[in-house]
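Student: Here's a structure for you.
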Amino acid sequence: MPSVCLYLHAHQPFRLRRYPIFDIGRGQPYFDEERNRSYLDRIALKSYLPTNQLLLDLIKQTGGRFKVSFSLTGTLLEQLEQSHPEVITSFRDLVNTGSVELIAETYYHSLAYLYSKEDFARQVALHREKLQQLFGYSPQVFRNTELIFNNEMAKFVQDLGYKGMLAEGADHVLGWRSPNFLYHARTADKLKVLLRNYRLSDDMSFRFSTQGWSEWPLTADKFAAWINQANGNGNTINLFMDYETFGEHQWESTGIFHFLRALPDKVLAYPDNDFKTPGEVVDAFPAMGELDVHNTITWADTERDLSAWLGNQMQQAAIRHLYDLEGPILASGDAQMIDDWRKLQTADHFYYMCTKWFADGDVHKYFNPYDSPYDCFIYFMNIIHDLRLRLGMPKGENVN
Amino acid sequence: MFGWEFPPFNSGGLGVACEGLARSLAQEGVSLIFVLPRKFDYQPTNYRLIFADEDKGSSIKVKAVNSLLTPYVTSASYSLLLRNNRRHLIHYSSDLMAEVARYAQEAGRIAAEEEFDVIHAHDWLSFPAGLEAKRVSGKPLIVHVHATEFDRTGGNNCNTQVFAIEQAAFEEADAIIAVSQFTKNKVIQHYGIPSEKIKVVHNAIEPRDYNVSVSSLQHLKQGGKKVVLFVGRITLQKGPDVFLRAARRVVDFEPNALFIIAGSGDMEAQVIREAAALGLADKVLFAGFLRGEELRQLYKLADLYVLPSVSEPFGITTLEALASGTPVIISKQSGVAEVIDHCLKVDFWDVNEMASKIVAVLRYSELQEGLKENGSREVKKFSWRDAARKCLEVYHRLLAPLPL
């Protein structure tokens, strides 16, 4: 009897302002308030609000048998509080149904684990505080930015007190094994790991509107049948995807909302099936095997690695210079500066500097607010210069 | 095929593009006759070159080459006039217009003597030649737009004679080839030509070794100097004044920056004076008009190439710089900006952004490396063979029998 575990990731970064060299040292803001607001306006309207309403309806219609889980980053929640408090309210309504689980992560949707475990732990704590403040909620399952996962991290997360963690069901880690069971890392036997079923997840989030796909159009009937095929050969089908799938990556005109509306009934029509949240999956099923992940995996691209964030020299230089400032920034005790520094850690900034498929005009251009990856690097480095000035550090002609 | 200039006797990208395209068309099996107005000592191996001024019993006497005749409008007074905000029309010397007309007459004679299927004419100076050849032979005419009068003048004080020649050619031609979507839009917008008549064929560069030795110029970078390069005619269209103003902003942040302007043109004296007036006398070097090996050395030496054009139909120099492994900042008002991603792009009027990006490239080595590595890879996708094949498609379409 497979359970369906639907987990949706909602995030928006604080995108950088076009920050020319001449702004350095002139107290100019780092983030593009107007642009961030306009992105949020659009996504709230097209995706968050209608999908939240639909999910709430589905939970009520099924008497709470339909369940869903979210990760809501701190940078998103902060922006929603500022300009779209009605979205916060609608998330609160969902949480109050008892059929919704919230997942823990870093407040800033950062790559901090790879550069500063201390600040990583602080950012996870900040996110817990935020969930407590807005929703009165304490998460028990963790996901790291972009589902970053490796042996060492599993141990670290277990030691933070989490009972479960989400990761990518990468073929090169699983080999012949199925993502539809729970596992634990070699280094952390008390932390159960849920692996994303990337085929079924991507059917929904990527291929749904691809007319050249042999299974197009994807109906809820068909999809529920695929899920049911795991019967007897798996405990949980983990459908992990961006929340913006609904209404943004897949526009309303693709029929994605109709699909979602029909899905719960179709899944529950099979008597053995149900919906579970990640925490319930962890409680219900045993870990069936051990994962041994030395090289960090993510849910990104075909490589399932970090190359979209840290693959080129610009990205590596930018993030190195940022974390080099950790000591003096934290020592300054300047709350505004510390917050600025952490907002600069948001993974999206480094993603926007990715050059590997830039010329192909594919998904990486989507949502990139800059003309080019090079522009993002320039603004980012100029801001680093400004941060150094604010810290009273020697100006230096070259930060390299 | 009718052209106006050819390397090594070219004054700009037109001649470079004509030669690249002609060679590749010939390699694609086209039996090509390339006609030029004036004789010079050059004979390509795979196609014929004809000079309209060669005496073949023609009744028309052609004057000796006037070195002032270039395919580019002189804009010496434009910026001055713009500043004074006066309307004024620039007249070409009667010599140039007379030469264009004579070239057309010779073209008619040549068209009557030679065997060919299509006529292909490059830019306004040879459009009358193409039109005359079409009239004499009845063969289809393709006009190839490397620049319009609106590019050359920035849209102000267009020469009415040139404009009229372009207008007539665009209307009477059987097909138009534009070097970019940017240029195609200009032909649609300013000349009212329907979009379906215009095909975009982007320029390319010759695959050759741009990794030249720069030992003879290395002293320019002594003391950690960083070279920012401008290559182009020193004329309003190319934005040398924008380049200077950006340089002024940059040197406050990067005192080691050295700006080199390679080219000549009607604004040369003015730009030199302006450089001095801005206190940049020792920061800006004027290299004069360079070509071939010397130019390739300069591309290679430079830490950064800037194309600040006000209106650039394509911008072949950008490809040459990239092929030399030099990062580029290009005007968004250019055709090349449509086809190159691994570069920095700015609006030509945004001097602050241009200066900011220049400083960034000089300052952040990872940026310079990233642009260099990805840009030199990206430029490899351009070939004159592809451009020639697209022209061939146009020929075949015009020669195909009409459907019954």
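The values are calculated or read from the model by the stated rules, or taken from the named source; none is laboratory data. Being a predicted model, the structure only gives us computed values, none of them experimental. Note: ideal-geometry Cβ built from the backbone for every residue, glycine included; neighbour counts use all protein chains shown. Calculation scope for accessible area: heavy atoms of the full protein, side chains included, ligands and nucleic acids excluded. Shrake-Rupley method; radii C 1.70, N 1.55, O 1.52, S 1.80 Å.
Student: Restrict the check to the stretch B:368-381 and report whether at least one residue is facing chain A (nearest Cβ under 7 Å), in a strand (DSSP E or B), touching a strand residue (DSSP E or B) at 6+ places or on another chain (Cβ under 8 Å) and on the phi < 0 side of the Ramachandran plot. I'd like the intermediate steps shown before the answer.
Tutor: The first filter runs over the stretch B:368-381 and keeps only residues facing chain A (nearest Cβ under 7 Å), leaving B:369-371, B:374, B:378.
Next, only the ones that are in a strand (DSSP E or B) stay: none.
Scanning the stretch B:368-381, I find no residue that is facing chain A (nearest Cβ under 7 Å), in a strand (DSSP E or B), touching a strand residue (DSSP E or B) at 6+ places or on another chain (Cβ under 8 Å) and on the phi < 0 side of the Ramachandran plot, so the answer is no.
Student: OK, next. Just to be sure I understand, how many residues within the stretch B:147-205 are aliphatic (A, V, I, L, M) and touching a Cys at 6+ places or on another chain (Cβ under 8 Å)? Write out each step before concluding.
Tutor: We begin by selecting, within the stretch B:147-205, every residue aliphatic (A, V, I, L, M); these are B:147, B:162, B:164-165, B:168-169, B:173, B:175-179, B:187-188, B:193, B:198, B:200-201, B:204-205.
Now narrow it down to the ones that are touching a Cys at 6+ places or on another chain (Cβ under 8 Å): B:177, B:201.
The total comes to 2.
Student: Further, regarding this structure: Sort through A:S71, A:S116 and tell me the only one that's open to solvent by less than 20 Å² (accessible area, probe 1.4 Å) and under 18 Å from A:T277 (Cβ atoms). Steps first, please.
Tutor: On the way: A:S116 fails: under 18 Å from A:T277 (Cβ atoms).
None of the others qualify; the one that does is A:S71.
Student: Considering each residue of the stretch A:362-385, count those that are away from chain B (no Cβ under 13 Å) and either at pLDDT 80 or above or under 20 Å from A:Q28 (Cβ atoms) (or both), and give that number. Walk me through how you get there before you give the answer.
Tutor: The initial filter retains those residues of the stretch A:362-385 that are away from chain B (no Cβ under 13 Å), namely A:363, A:366-367, A:369.
From what's left, either at pLDDT 80 or above or under 20 Å from A:Q28 (Cβ atoms) (or both): A:369.
Count: 1.
Student: Free of Cβ contacts under 8 Å to residues at least 12 places away in the same chain and within 14 Å of another protein chain (Cβ to nearest Cβ) - does that describe any residue in the stretch A:13-25? Lay out the reasoning, then the answer.
Tutor: Residues of the stretch A:13-25 free of Cβ contacts under 8 Å to residues at least 12 places away in the same chain: A:22.
In the following step, the residues that additionally are within 14 Å of another protein chain (Cβ to nearest Cβ) were identified as A:22.
Yes: one or more hits.
Student: Quick one: which of B:V118, B:V143 is aliphatic (A, V, I, L, M) and within 19 Å of B:Q189 (Cβ to Cβ)?
Tutor: After ruling out the rest, the residue left standing is B:V143.
Student: Tell me which residues, restricted to the stretch A:1-47, are part of a helix (DSSP H, G or I) and of a type in the set (V, I, T).
Tutor: First pass over the stretch A:1-47, keeping only residues part of a helix (DSSP H, G or I): A:21-23, A:33-47.
Correct list: A:I21, A:I43.
Student: Right, another one. Looking only at the stretch A:211-243, which residues are farther than 14 Å from A:V4 by Cα and touching a strand residue (DSSP E or B) at 6+ places or on another chain (Cβ under 7 Å)?
Tutor: Across the stretch A:211-243, the qualifying residues are A:D242, A:Y243.
Student: Shifting gears a bit: Any idea how many residues of the stretch A:229-243 are open to solvent by less than 10 Å² (accessible area, probe 1.4 Å) and modelled with pLDDT of 95 or more?
Tutor: Of the residues in the stretch A:229-243, 7 are open to solvent by less than 10 Å² (accessible area, probe 1.4 Å) and modelled with pLDDT of 95 or more.
Student: Then there is this: If I ask for residues that are away from chain B (no Cβ under 14 Å) and open to solvent by 50 Å² or more (accessible area, probe 1.4 Å), which ones from the stretch A:343-359 would you list?
Tutor: A:Y351
Student: If A:W213 satisfies all but one of (1) open to solvent by less than 20 Å² (accessible area, probe 1.4 Å); (2) in a loop (DSSP other than H, G, I, E, B); (3) not polar (S, T, N, Q), what's the number of the condition it fails?
Tutor: The single condition A:W213 does not satisfy is (1).
Student: Can you confirm whether the stretch A:126-146 contains a residue that is basic (K, R) and within 14 Å of the chain's Cα centre (by Cα)?
Tutor: First pass over the stretch A:126-146, keeping only residues basic (K, R): A:128, A:130, A:143.
Add one more test, that the residue is within 14 Å of the chain's Cα centre (by Cα), and what stays is A:143.
For the stretch A:126-146, residues basic (K, R) and within 14 Å of the chain's Cα centre (by Cα): present.
Student: Given the options B:S11, B:S31, B:S59, B:S79, name the one that is assigned to a loop (DSSP other than H, G, I, E, B), of a type in the set (G, A, S) and at pLDDT below 50. First the steps, then the outcome.
Tutor: Details: B:S11 fails: at pLDDT below 50; B:S31 fails: at pLDDT below 50; B:S79 fails: assigned to a loop (DSSP other than H, G, I, E, B).
Within the list B:S11, B:S31, B:S59, B:S79, the selection yields B:S59.
Student: In addition: Looking at A:L260, is it of a type in the set (A, V, I, L, M, F, W, C), assigned to a helix (DSSP H, G or I) and under 25 Å from the mean Cα position of the chain (by Cα)?
Tutor: Numbers: of a type in the set (A, V, I, L, M, F, W, C): yes; assigned to a helix (DSSP H, G or I): yes; under 25 Å from the mean Cα position of the chain (by Cα): yes.
Yes; evaluated as a whole, the condition is true for this residue.
Student: Here is a follow-up. Taking the stated definitions as given, is A:F223 out of contact with any Asp or Glu (no Cβ under 8 Å at 6 or more places or on another chain) and of a type in the set (F, W, Y)?
Tutor: Numbers: out of contact with any Asp or Glu (no Cβ under 8 Å at 6 or more places or on another chain): no; of a type in the set (F, W, Y): yes.
Spelling it out, it is not the case that A:F223 is out of contact with any Asp or Glu (no Cβ under 8 Å at 6 or more places or on another chain) and of a type in the set (F, W, Y).
Student: Further, regarding this structure: Restricting attention to the stretch A:252-266, does a residue exist that is modelled with pLDDT under 95, away from chain B (no Cβ under 14 Å) and open to solvent by less than 30 Å² (accessible area, probe 1.4 Å)?
Tutor: Checked the stretch A:252-266: no residue is modelled with pLDDT under 95, away from chain B (no Cβ under 14 Å) and open to solvent by less than 30 Å² (accessible area, probe 1.4 Å).
Student: Among the residues in the stretch A:28-43, are any within 30 Å of B:K357 (Cα to Cα) and within 14 Å of chain B (Cβ to nearest Cβ)?
Tutor: yes
Student: Could you tell me whether the stretch B:321-336 includes any residue that is assigned to a helix (DSSP H, G or I), more than 13 Å from chain A (Cβ to nearest Cβ), in contact with a strand residue (DSSP E or B) (Cβ under 9 Å, 6 or more places away or on another chain) and farther than 23 Å from B:K186 by Cβ? So that I can check it myself, show each step before the final result.
Tutor: Taking the stretch B:321-336 and keeping what is assigned to a helix (DSSP H, G or I), we get B:321-323, B:336.
Next, only the ones that are more than 13 Å from chain A (Cβ to nearest Cβ) stay: B:321, B:323, B:336.
This time we only want the ones that are in contact with a strand residue (DSSP E or B) (Cβ under 9 Å, 6 or more places away or on another chain), so: B:321, B:336.
Going one step further and asking which of them are farther than 23 Å from B:K186 by Cβ, we end up with B:321.
Yes, the stretch B:321-336 contains at least one residue that is assigned to a helix (DSSP H, G or I), more than 13 Å from chain A (Cβ to nearest Cβ), in contact with a strand residue (DSSP E or B) (Cβ under 9 Å, 6 or more places away or on another chain) and farther than 23 Å from B:K186 by Cβ.
Table: residues versus (1) under 21 Å from B:F34 (Cβ atoms); (2) surrounded by fewer than 18 Cβ atoms within 10 Å (Cβ to Cβ); (3) modelled with pLDDT of 90 or more.
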{"position": "B:V100", "(1), (2), (3)": "yes, no, yes"}
{"position": "B:L125", "(1), (2), (3)": "yes, no, yes"}
{"position": "B:E132", "(1), (2), (3)": "yes, no, yes"}
{"position": "B:H146", "(1), (2), (3)": "yes, no, yes"}
{"position": "B:F150", "(1), (2), (3)": "no, no, yes"}
{"position": "B:T160", "(1), (2), (3)": "no, yes, yes"}
{"position": "B:I165", "(1), (2), (3)": "yes, no, yes"}
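Student: On to the next question. Checking the conditions here, which among A:Y183, A:Y198 is crowded, with 20+ Cβ neighbours inside 10 Å, assigned by TED's automatic domain parsing to the domain that holds A:D265 and out of contact with any strand residue (DSSP E or B) (no Cβ under 6 Å at 6 or more places or on another chain)? If you could, list the steps in order and put the result at the bottom.
Tutor: Numbers: A:Y183 fails: out of contact with any strand residue (DSSP E or B) (no Cβ under 6 Å at 6 or more places or on another chain).
Residue meeting the stated conditions: A:Y198.
Student: Here are B:V187, B:V212, B:V179, B:V242: which of them is of a type in the set (A, V, I, L, M, F, W, C), away from chain A (no Cβ under 14 Å) and surrounded by fewer than 19 Cβ atoms within 10 Å (Cβ to Cβ)? Walk me through it before giving the result.
Tutor: Values: B:V187 fails: surrounded by fewer than 19 Cβ atoms within 10 Å (Cβ to Cβ); B:V179 fails: surrounded by fewer than 19 Cβ atoms within 10 Å (Cβ to Cβ); B:V242 fails: surrounded by fewer than 19 Cβ atoms within 10 Å (Cβ to Cβ).
Selected residue: B:V212, the only one of B:V187, B:V212, B:V179, B:V242 that is of a type in the set (A, V, I, L, M, F, W, C), away from chain A (no Cβ under 14 Å) and surrounded by fewer than 19 Cβ atoms within 10 Å (Cβ to Cβ).
Student: Can I ask one more? Please enumerate the residues belonging to the stretch B:288-312 that are buried (at least 17 other Cβ atoms within 10 Å of the Cβ) and of a type in the set (G, A, S).
Tutor: Within the stretch B:288-312, B:A302, B:S309, B:S311 qualify.
Student: Here is a further query. So, in the stretch A:113-168, exactly how many residues are touching a residue at least 60 places away in the same chain (Cβ under 8 Å) and assigned to a strand (DSSP E or B)?
Tutor: Of the residues in the stretch A:113-168, 6 are touching a residue at least 60 places away in the same chain (Cβ under 8 Å) and assigned to a strand (DSSP E or B).
Student: For residues that are touching a residue at least 24 places away in the same chain (Cβ under 8 Å) and either at the interface with another protein chain (Cβ under 7 Å from one of its Cβ atoms) or acidic (D, E) (or both), tally how many sit in the stretch B:357-366.
Tutor: Residues flagged as touching a residue at least 24 places away in the same chain (Cβ under 8 Å) and either at the interface with another protein chain (Cβ under 7 Å from one of its Cβ atoms) or acidic (D, E) (or both) within the stretch B:357-366 amount to 3.
Student: Within the stretch A:80-96, work out how many residues are within 21 Å of A:M241 (Cβ to Cβ) and not hydrophobic (A, V, I, L, M, F, W, C). Spell out how you get there, then give the answer.
Tutor: Pass one, the stretch A:80-96, residues within 21 Å of A:M241 (Cβ to Cβ): A:80, A:87, A:90-91, A:94-95.
From what's left, not hydrophobic (A, V, I, L, M, F, W, C): A:90.
Within the stretch A:80-96, residues that are within 21 Å of A:M241 (Cβ to Cβ) and not hydrophobic (A, V, I, L, M, F, W, C) number 1.
Student: I'm told B:K345 meets every condition in (1) more than 10 Å from every other protein chain (Cβ to nearest Cβ); (2) outside any loop (DSSP other than H, G, I, E, B); (3) open to solvent by 20 Å² or more (accessible area, probe 1.4 Å) except one. Can you identify the failing condition by its number?
Tutor: (1)
Student: What number of residues within the stretch A:267-305 are touching a residue at least 40 places away in the same chain (Cβ under 8 Å), open to solvent by 10 Å² or more (accessible area, probe 1.4 Å) and more than 18 Å from A:L195 (Cβ to Cβ)?
Tutor: 5
Student: Same structure, new question: Restricting the search to the stretch A:303-342, which residues are within 24 Å of A:P29 (Cβ to Cβ), away from every other protein chain (no Cβ under 13 Å), small (G, A, S) and not in a loop (DSSP other than H, G, I, E, B)?
Tutor: Hits for the stretch A:303-342 are A:A331, A:S332, A:A335.
Student: While we're here: May I ask you to list the residues in the stretch B:284-309 that are over 24 Å from B:R248 (Cα atoms), among the basic types (K, R) and either outside the structural domain of B:S331 (by TED's automatic domain parsing) or not in a loop (DSSP other than H, G, I, E, B) (or both)? Walk me through how you get there before you give the answer.
Tutor: Going residue by residue through the stretch B:284-309, those that are over 24 Å from B:R248 (Cα atoms) are B:290-297.
So of that shortlist, the ones also among the basic types (K, R) come out as B:291, B:296.
The one that is over 24 Å from B:R248 (Cα atoms), among the basic types (K, R) and either outside the structural domain of B:S331 (by TED's automatic domain parsing) or not in a loop (DSSP other than H, G, I, E, B) (or both): B:R296.
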